[in-house]
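The values are calculated or read from the model by the stated rules, or taken from the named source; none is laboratory data. Everything numeric in this text was worked out from a predicted model, so none of it was measured. Glycine also receives a Cβ, built like all others from the backbone with ideal geometry; neighbour counts cover every protein chain displayed. Keep in mind that these areas ignore ligands, DNA and RNA; they rest on the heavy atoms of the full protein, side chains included. Shrake-Rupley method; radii C 1.70, N 1.55, O 1.52, S 1.80 Å.
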Amino acid sequence: FSMAYLALYRAWRPRRFDEVVGQEQTVTALRNAVREGRLAHAYLFSGPRGTGKTSIAKIIARAVNCENIDDGEPCNHCSTCADISNGNFMDVIEIDAASNRGIDEIRELREKVRILPAQGKVKVYIIDEVHMLTTEAFNALLKTIEEPPAAVIFILATTELQKIPATIRSRCQSYNFRRLTIEEIGERLQQVAGASEIELNDEAMVLIARRAGGGLRDALSILDQIYSYKGRVINKEDVQEVLGLVDDLFLGKLMDAVFSKDTAAVVGMLNTALNQGKEAQQLAKEAALYLRDLLLYQVLGDKAEFSVVTEASQSFIEQQKQQVDKHKILQALRMMMDTGDRLKYSEGNKFLLEVTFMEMASLFDESEPAVEKKKSVTKKEVVSPEKDEKSSARDILWNKILAGVKAQKIPTHALLAQGKLIGSKDDAIYIGFKKGYKFHRDRMGEKPNREILENVLQEIFGREVEVEFILLDSEQYNDIIVKKAIEYFGEDIVEIKD
């Protein structure tokens with residue numbers, strides 16, 4: 001028989017004020033208030049998840065009911081402290097507003113508030129994610145907070161302060177919990193690892209701390225997850241593998257290829273990463289974080305706090321800082337973030353990712369002088385930028401395909417040039433021909449021509465890609481599958497009729 005395994009973040013939840021990581025001002029103020037017996041009757045704790053809001057609420061609940069309180073700290077040994085920790089103390093009531101958001105629950109609370117504490121000295125209501133309450137529920141809660149009975153403390157916790165009505169905020173003492181620094185999280189990770197006999201090297205520690213986004217709970221959950229997969233010795237590669245991250249050295253090289261417009265290298269590297277089981281969406285996210293680091297480095301220099309760059313990729317970012325225009329990086333960053341969002345819902349993930357990277361490479365193409373463009377406003381610039389960006393990615397790819405085919409066989413190129421690239425689904429590419437070009441479509445479908453095209457695609461993408469030729473106003477075009485394909489690039493740029 002083995003004890004149920006307790007998740008690290010639960011095992012390491014702070015039980016006294018002096019065990020809390022970060023939040024020094026909040027902790028000091030609250031501990032003094034407990035010591036001097038001048039706690040307010042309502043508190044509002046706000047801040048990102050995993051920064052200690054509920055933990056501190058529980059410490060207060062124990063401290064105000066503890067039988068041997070010492071200098072504002074709960075003893076954590078008496079039966080009261082033990083009961084509160086185990087969640088079976090009648091006078092500490094935890095309510096999750098996410099699932100009890102209605103007026104009935106709050107009405108019930110209002111009736112029970114009047115009843116004197118049964119077991120302890122003070123009744124403590126901890127309402128988590130309080131921003132989820134309905135308007136009526138808030139109004140009901142307001143009445144209770146306005147005229148609370150003597151021995152009751154409310155502690156409201158939320159990750160979204162802006163959603164709390166001003167009437168509630170003005171009646172609570174407010175404490176804002178900040179995100180923890182990478183150092184603070186790292187220090188705690190090392191402490192936990194040491195006590196749990198986990199060997200965590202520094203690089204791995206920094207990587208976990210960065211990924212946690214300022215929340216200690218997330219950091220400990222990540223450590224737990226990696227420990228359960230990888231065992232006691234954890235290094236940077238283990239963290240990357242379990243979280244599906246690519247290392248920053250890879251990102252540095254990848255961006256080098258993008259900035260020098262080496263699309264073959266870009267597609268090759270993406271392919272390698274995807275074949276190793278990395279997710280397309282994660283790759284987009286990592287690339288966006290790298291671009292963010294580069295942008296910050298350009299603006300802030302050594303003051304920049306990186307989210308993916310480490311010493312391994314420092315030399316890349318150093319050089320890229322000089323060679324790339326920050327407005328273009330901002331554009332590329334938007335592109336990458338947008339793709340990350342679209343990848344959540346799309347199926348031809350690989351293709352969409354590759355096209356975005358090609359699009360990004362074309363951004364950094366210096367062949368057209370920037371000055372020229374400003375002087376003559378061509379018709380193209382009137383097109384809405386989003387349309388223009390979407391179509392440009394396709395045009396780049398289409399021109400690349402056409403050039404490849406032309407190099408192999410001119411007659412095949414002549415047939416293909418009458419078509420246009422519509423989009424993709426899974427690993428198939430759709431090429432559409434207008435109504436008058438049925439002959440071209442049929443000839444392209446014949447084996448010799450199809451093979452030439454497939455070889456070119458294989459060269460571009462480094463793997464086999466299926467091709468579908470369709471007539472733009474046929475049933476097949478209206479087929480839901482192709483509708484999906486067109487969603488990638490937007491219906492607005494597919495010409496259906498002459």
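Side notes on the structure shown:
- Restricting region 450-475 to residues that are of a type in the set (S, T, N, Q) and assigned to a helix (DSSP H, G or I) leaves a set whose member that is surrounded by the fewest Cβ atoms within 10 Å (Cβ to Cβ) is Q458.
- Unmet requirement for I480, which otherwise passes all of (1) open to solvent by 50 Å² or more (accessible area, probe 1.4 Å); (2) among the hydrophobic types (A, V, I, L, M, F, W, C); (3) modelled with pLDDT of 90 or more: (3)
- Matching residues in region 193-224 - criterion: being under 23 Å from the mean Cα position of the chain (by Cα), of a type in the set (G, A, S) and open to solvent by 20 Å² or more (accessible area, probe 1.4 Å): G213, S221
- For region 165-219, the set of residues classified as hydroxyl-bearing (S, T, Y) and either touching a Pro at 6+ places or on another chain (Cβ under 7 Å) or closer than 30 Å to I145 by Cβ (or both) consists of T167, S170, S174, Y175, listed by residue number.
- Qualifying position, being touching a residue at least 12 places away in the same chain (Cβ under 8 Å) and either over 17 Å from L330 (Cα atoms) or basic (K, R) (or both), among A288, A284, A265, A312: A312
- Counting only helices (runs of 4 or more DSSP H) that fall entirely inside region 1-66 and contain at least 3 residues that are surrounded by 15 or more Cβ atoms within 10 Å (Cβ to Cβ), the qualifying elements are 24-35, 53-65.
- Residue within region 110-126 that is within 18 Å of G50 (Cα to Cα) and out of contact with any strand residue (DSSP E or B) (no Cβ under 6 Å at 6 or more places or on another chain) present: no
- For region 139-157, the condition of being free of Cβ contacts under 8 Å to residues at least 60 places away in the same chain, within 20 Å of A219 (Cα to Cα) and small (G, A, S) holds for none of the residues.
- The residues of region 234-253 that are open to solvent by less than 10 Å² (accessible area, probe 1.4 Å), in a helix (DSSP H, G or I) and touching a residue at least 40 places away in the same chain (Cβ under 8 Å), listed by number, are D248, L251, G252.
- Qualifying residue in region 59-76 (condition: free of Cβ contacts under 8 Å to residues at least 24 places away in the same chain and out of contact with any Cys (no Cβ under 8 Å at 6 or more places or on another chain)): yes
- Scanning region 402-449 for residues that are of a type in the set (K, R) and outside any strand (DSSP E or B) returns K406, K409, K434, K435, K438, R441, R443, K447.
- Sub-8 Å Cβ pairs linking a first residue in region 323-337 that is farther than 20 Å from L352 by Cα to a second residue that is surrounded by fewer than 17 Cβ atoms within 10 Å (Cβ to Cβ), at least 6 apart or interchain, are K326/V299, ordered by first then second residue.
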